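Undergrad: I'd like to ask you about the structure that follows.
The values are calculated or read from the model by the stated rules, or taken from the named source; none is laboratory data. On a predicted model such as this, the values are computed, not experimentally measured, just so you know. Note: ideal-geometry Cβ built from the backbone for every residue, glycine included; neighbour counts use all protein chains shown. Note: accessible area is taken over every heavy atom of the protein model, side chains too, but ligands, DNA and RNA are not part of it. Shrake-Rupley method; radii C 1.70, N 1.55, O 1.52, S 1.80 Å.
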Amino acid sequence: MSKIMVENRNGTMVDFDSAFELMDENIRKDIADNYCPTSLQEFFSVYETSHKAKYGEEWELSKANPVY
């Protein structure tokens, strides 16, 4: 089974399924309910922005060297 990779805002490739499991559940639900992402990449990018807005800091998986 191949991994679905997305690119974070720092250009690092991240496994989407692993990232999805580490996302804030409320932010994930908000994106699913209020946005219409056309791809997993877009979903991931919207999540990065939403996470920063909610917590005031970059999400771990948005960093240049993310730690899962």
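Undergrad: Under a crude label model (7 Å from the Cα following the beta-carbon direction), how far is ALA64 from GLU21 in nanometres?
TA: That separation, rounded to one decimal, is 2.8 nm.
Undergrad: Using modelled amide H (1.01 Å from N, peptide plane; none on Pro or chain starts), what sits under 5 Å from the amide H of MET5, excluding residues fewer than 5 places away?
TA: Close amide H contacts, sequence-distant or interchain: PHE16.
Undergrad: Karplus couplings for region 52-68 from phi (6.51 cos²θ - 1.76 cosθ + 1.60, θ = phi - 60°), rounded to Hz, Gly and Pro as x?
TA: Each residue's phi maps through the Karplus curve to give 5, 5, 6, 9, x, 8, 5, 5, 3, 7, 8, 6, 4, 10, x, 10, 7 Hz.
Undergrad: Points 7 angstrom from Cα along the Cβ direction at GLU57 and ALA32: gap in nanometres?
TA: Distance between label points: 2.7 nm.
Undergrad: To continue, here is another question. So, with a 1.4 angstrom probe, what is the percent of accessible area on region 14-68 that is carbon and sulfur? Let's see the in-between values first.
TA: Details: 1690 of 3390 Å².
That share works out to 50 percent.
Undergrad: List the relative contact order of the chain as a percent without decimals, with contacts defined as Cα pairs under 8 Å and 6+ residues apart.
TA: On the way: 67 pairs, mean separation 24.8, N = 68.
Taking the mean separation of contacting Cα pairs over the length of the chain, I get 36 percent.
Undergrad: Total Lys pairs in the chain closer than 20 Å by alpha-carbon, pairs eight or more apart in sequence or interchain only? Kindly include the intermediate steps, with their values, before the conclusion.
TA: Working: LYS3/LYS63; LYS29/LYS52; LYS29/LYS54; LYS52/LYS63; LYS54/LYS63.
Taking the chain as the scope, the lysine pair count is 5.
Undergrad: Let me ask you something else. Under a point-charge model restricted to the Cβ atoms of Lys and Arg (+1) and Asp and Glu (-1), what is the dipole moment magnitude of the chain relative to its Cα centre, in debye to the nearest 20?
TA: 120 debye
Undergrad: Enter the accessible area per residue of the chain (Å², integer; probe 1.4 Å; all protein chains in place). Let's see the in-between values first.
TA: Numbers: 4490 Å² over 68 residues.
On a per-residue basis, the chain sits at 66 Å².
Undergrad: Give the residue list of trypsin sites (Lys or Arg not before Pro) in region 13-68 that are DSSP loop and have at most 16 other beta-carbon atoms within 10 angstrom.
TA: LYS63
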